[in-house]
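Engineer: For reference, the structure I am asking about is given below.
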Amino acid sequence: MLYQIYETQRSLMEPFADFAQAASKLFSNPLSPFNQVPMAQRMSAGYDLLYRLGKDYEKPTFDIPSVDVDGVGVAIHERVELDKPFCELRRFKRFSDDPATLTKIKGQPVVLIVAPLSGHYATLLRDTVRTMLKDHKVYITDWKNARLVPLSEGEFHLDDYINYVQEFIRYLQGVYGNCHVISVCQPTVPVLAAVSLMASRGETTPLTMTMMGGPIDARKSPTSVNNLAMNRSFEWFENNVIYRVPDNFPGAGRRVYPGFLQHTGFVAMNPDRHATSHYDYFKNLIKGDDASAEAHRKFYDEYNAVLDMDADYYLETIKTVFQEYKLVHGTWDVRSPDGKLERVRPQDITATALFTVEGELDDISGSGQTEAAHDLCTGIVRKEQHHLEAKGAGHYGIFSGRRWRELVYPQVKAFILEHQPSASPAEPARGGAVAAVPADTSAVAAATVSAAPTSRSRRPSARKA
C-alpha cells in the first residue's frame, strides 16, 4: 500500500513541479516583464528549488562522448553487448583516426566493472568509467530497475546475480582470452563468490580482482548501514520494506524493495548536509553562480535517481552478508543455473591477483571490511595480494572525484598493468585486427613507487611484462 500512496503523491506533485519550473523561467528570462519586478531573482531561485525538490528523477545517461588519450581525442560509442532480464552488459567502444593511438588502445587491458545493485544506477560510476577509458577497454554491469521487469521474467535472486557475473566474465574471456574485474561496494561479495566458484570448478579465473569499499566482512568496524541490517530481524525487513510494484509499471505485482525507501535512508544518514546543500544552491542561484548551481544539479540528478530491487535479491543479501556472514564463515552455497548447489570457497582461487581499496573516512563500508578478503583468499600467494587505504577519502571518494583520479586510480592502473600479458588477445572480428603493444612498464614502476605501505606490508612490485 505504501508504494501506491507514494506513486499517488508523486502524480499529484508532478503538475506543481512543472508549474514551478515554468515560473522559475518566467522570473529569470530577461525578455519577460516578470524579470523586472522586485526580488525577481529570489522568486526564480525559490521556484527552481521547489521544482528540483518535487520533480521525478529518471535514470541518468553515462554521457561520455569522448576521452583524452595522451592528448588525442578518442570518440566513445556506448552499446549493449549482452542483454539479460535484469542487467545489461554495457561496453564503451573507443574509436580514433590516429594510427598510433588506435594501435595503443587496441593493446590495452580489458576491464569488467561490476556496478552496485544497491539503490542507485550504474551511472553513479560515471567518473570511474571515464577515468579508466583512458587506459583500458571498459565494460560495466548496468542493472535494470526491477519495477520495469515484467513478472514473466521470473524472480531475481542473489544466486542469479552471481551467475550473471560469471556469464559476463566468460563472455569477455571468450572474446579477449581473459579480463580484469573491478567491483565497487556491494558487488565485492558476489564477485568474490563468482570467481571462487569458477576456481573450484577448474575454470579460468580473471587475471585480477580489484575490490573497493565493500562489506566482505561486515562485522568489522560496523557502520550505521551495517547496524541497521544486523540489528533488525529478517522478518522485519520482509514485513516492513517489501512492497508490490503498482499497476502503472511493466513490473506490476513484482515484490521489490522500492528505490524511494533506499533514497530516504540515504538522506536520513546526513539530513543536515543535504539541507545545507539545497540552501547553498538557492543562494548560488541568487548570486548568479552558474558553475556551482550546475554542479549541484549534476550531483543530485544522480543522487536522487534510484531503482527498485527485486525482493528476493535484497532479502537474501541482507541475510547472507549482514546477518549470517556466510562468506566469512564458509557456509555459503550458491545455486548454479542447472540447479546444483555449490559451496563458495575463496581459498580455491590461486591464479587471480587481489587488490583491495578502502577509504579512510568511509561511513558505509567500515575499515577492514574489504581488506578481509585477503584472509579468505589464502590460495593467492602473498606477493599477489595488495591493499590500499585512501587517506582522506570517504565512500564515494574511492571511485569518484579528485582522490579517485589522483590517489586510487594510478595504483589500480599499475596493478592491472603488472598482471596484464604483454600481448593482448585479438579484438572481436567486428573490431578488426589488433597490433599487440607491450605494456608500459615505466608507467607501472612510476605508479608503484608512490604506493604507500599497508598494514600487511603488501605493495605492488614493478615487473616487466
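Since every read-out is calculated from the coordinates, none of them should be taken as a lab result. These figures come from a predicted structure and were not determined experimentally. Because the Cβ atoms are built from the backbone with ideal geometry, glycine has one as well, and the counts that use them run over all protein chains shown.
Engineer: Using Cα pairs under 8 angstrom and six or more residues apart, how large is the relative contact order of the stretch 1-69, in percent?
Structural biologist: 35 percent
Engineer: Run the numbers for residue 277 and residue 83: contour at 0.36 nm per residue of separation, minus the present Cα-Cα distance, in nm.
Structural biologist: Taking residue 277 through residue 83 to full extension adds about 66.1 nm, to one decimal.
Engineer: Next question. I need 382, 405, 244 ordered by Cβ neighbour count within 10 Å, fewest first.
Structural biologist: With the fewest neighbours first, 382, 405, 244 line up as 382, 405, 244.
Engineer: Between the DSSP loop rule and a limit of at most 15 other Cβ atoms within 10 Å, which GluC sites (Glu not before Pro) in the stretch 1-86 are left?
Structural biologist: Filter output for the stretch 1-86: 58.
Engineer: Mind checking which lysines have their C-alpha under 22 Å from residue 319, skipping anything on the same chain fewer than 8 residues away?
Structural biologist: The qualifying lysines are 220, 340.
Engineer: Can you put 164, 279, 57 in order, fewest other beta carbons within 10 Å first?
Structural biologist: The fewest-first ordering by Cβ neighbours comes to 279, 57, 164.
Engineer: Based on Cβ point charges of +1 for Lys and Arg and -1 for Asp and Glu, what charge dipole magnitude is obtained for the chain about its Cα centre, in debye rounded to the nearest 20?
Structural biologist: Computed charge dipole of the chain: roughly 900 debye.
Engineer: Here's something else I'd like to know. List the lysines whose Cα lies under 18 Å from the Cα of residue 134, skipping any in the same chain that are fewer than 8 positions away.
Structural biologist: Once the sequence-local lysines are set aside, what remains near residue 134 is 93, 104, 106, 413.
Engineer: Now, a different point. Restricting to bridges with both residues inside the chain, how much of the DSSP beta-bridge set is antiparallel, in percent to the nearest 5?
Structural biologist: 50 percent
Engineer: Taking K and R as +1 and D and E as -1, what net charge do the other residues with C-beta under 12 Å from the C-beta of residue 289 add up to?
Structural biologist: Here the count lands on -1.
Engineer: Then there is this: Where does the charge balance sit around residue 397 when Lys and Arg score +1, Asp and Glu -1, over other residues with C-beta under 13 Å from its C-beta?
Structural biologist: Around residue 397, the surrounding residues sum to -3.
Engineer: Related question: With the dipole of the stretch 20-121 worked out from charges on the C-beta (+1 for Lys and Arg, -1 for Asp and Glu) around the Cα centre, which of 31, 72, 45 lies farthest toward the positive end?
Structural biologist: Highest projection toward the positive end goes to 45.
Engineer: Add +1 for every Lys or Arg and -1 for every Asp or Glu among the other residues with Cβ under 14 Å from the Cβ of residue 42, and state the total.
Structural biologist: Counting the neighbours of residue 42, the net charge comes to +1.
Engineer: While we're looking at this one, here's another question. Find which of 286, 323, 218 sits farthest along the positive direction of the dipole of the chain, computed with +1 on the beta-carbon of Lys and Arg, -1 on that of Asp and Glu, about the Cα centre.
Structural biologist: After comparing all options, I get 218.
Engineer: Charges on Cβ only, +1 for Lys and Arg, -1 for Asp and Glu, centred on the Cα centroid of the chain; of 296, 400, 229, which one is farthest towards the dipole's positive end?
Structural biologist: Farthest towards the positive end: 400.
Engineer: Right, here's the next one. In Å, what Rg and Dmax follow from the Cα atoms of the stretch 217-340?
Structural biologist: Here Rg and the maximum Cα pair distance are 19.2, 63 Å.
Engineer: Related question: Defining a contact as two alpha carbons under 8 Å apart and six or more residues distant in sequence, what relative contact order in percent does the chain show?
Structural biologist: Computed over the chain, the figure is 17 percent.
Engineer: Using only DSSP helix segments of four residues or longer, with each worth -39500 (n - 2.57), what per-residue ellipticity at 222 nm results for the chain after dividing by its residue count and rounding to 500?
Structural biologist: After summing the helix terms and dividing by residue count, I get -12000 deg cm²/dmol.
Engineer: Next question. Can you return the aspartates and glutamates within cross-link range of residue 287? Criterion is Cα-Cα under 19 Å, with same-chain partners fewer than 8 residues away left out.
Structural biologist: Of all the aspartates and glutamates, those that pass the test against residue 287 - Cα under 19 Å, at least 8 places apart if same chain - are 48.
Engineer: Fewest first, what order do 101, 8, 370 take by the number of other Cβ atoms within 10 Å?
Structural biologist: Ordered from fewest to most neighbouring Cβ atoms within 10 Å, 101, 8, 370 come out as 8, 101, 370.
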